[in-house]
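Shown next, in structure tokens, is the structure this report addresses.
The values are calculated or read from the model by the stated rules, or taken from the named source; none is laboratory data. Please read these numbers as outputs of a predicted model, since none were measured by experiment. Note: ideal-geometry Cβ built from the backbone for every residue, glycine included; neighbour counts use all protein chains shown. Surface accessibility is based on the protein's heavy atoms, side chains included, excluding ligands, DNA and RNA. Shrake-Rupley method; radii C 1.70, N 1.55, O 1.52, S 1.80 Å.
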Amino acid sequence: MLGLLAATDARWATVALADLDEVLRDHAHCEMKAAVHAMSLAARHPDDLGLVRKLVALAQEELAHFDRVVVLLASRGVALGPPPIDAYAASLRAEAAKLPHLPIAQAKLVDRLLVAALIEARSCERFKLLASEMGEKHPLQGFYTELLAAEARHYRELIELAMEASGEQVVTARLGLLAALEANIVRAMASAPESTRATIHG
Ligand SMILES: [Fe+2]
Ligand SMILES: [Fe+2]
């Protein structure tokens, strides 16, 4: 789905739903990180106002998501707490940095957009699994169904921004390489002893 080359372990949704407070805590931090990442990309490209405005719009939407999850945490009496270590995103960025650089002026921007797009795709996939595991009667199923559609749209928007910076051919080839790295990370995490944690990406 959405360019992902490995499916999440089927056990994940069961583990996640059994510890929904932990999922919500991690989810809140994921939304905050997505907003911060979009703003940091905007700050790196002050000369491209079209790009800046699209990234600001994305950051605003992610912040709104963050706020909605924080409201849910508060309603459940759960503290946000410090951000959990996101080994998934850190590994993906580290592996992406090892690839030979694209021979184009906007190489770093394109990689950052595509890595962010894959993280959106993985969130979308996990929200879909979680919503399905919840079932129609669960009070948060509608919330996750709405958010998975938003994250799918973010995936497409980030891919479009990468295409504007480098063209379709470059993006298609690079996305394939990055998606293969992402799939390896997800498979490795699923086979680790501490796998299937109640976090969005872990
Ligand atoms: Fe979001
Ligand atoms: Fe998103």
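Suppose all protein chains stay in the model; what accessible area per residue would a 1.4 Å probe give for segment 65-202, in Å²?
48
Calculate the spin-label point distance for Arg76 paired with Ser132, positioning each point 7 Å from the Cα along the beta-carbon direction, and give it in nanometres.
If labels sit at Ser132 and Arg76, their model points lie 2.1 nm apart.
Equivalent ellipsoid semi-axes for the chain, as square roots of 5 times the alpha carbon gyration tensor eigenvalues: give them largest first, rounded to whole Å.
Each semi-axis is √(5λ); the values are 28, 20, 14 Å.
How far, in nm, would the chain grow between Asp47 and Asp67 when pulled straight, counting 0.36 nm per residue and subtracting the alpha carbon separation?
Residue separation times 0.36 nm, minus the Cα-Cα distance, leaves 4.2 nm.
Treating cross-link reach as a plain straight distance, find the lysines whose alpha-carbon is under 29 Å from the alpha-carbon of Lys54, omitting any fewer than eight places away in the same chain.
Qualifying lysines at Cα under 29 Å: Lys33, Lys98, Lys108, Lys128.
Starting from 0.36 nm per residue, how many nanometres of slack lie between Ala57 and Ala180 once their C-alpha separation is accounted for?
Extra length available between Ala57 and Ala180 comes to 41.4 nm.
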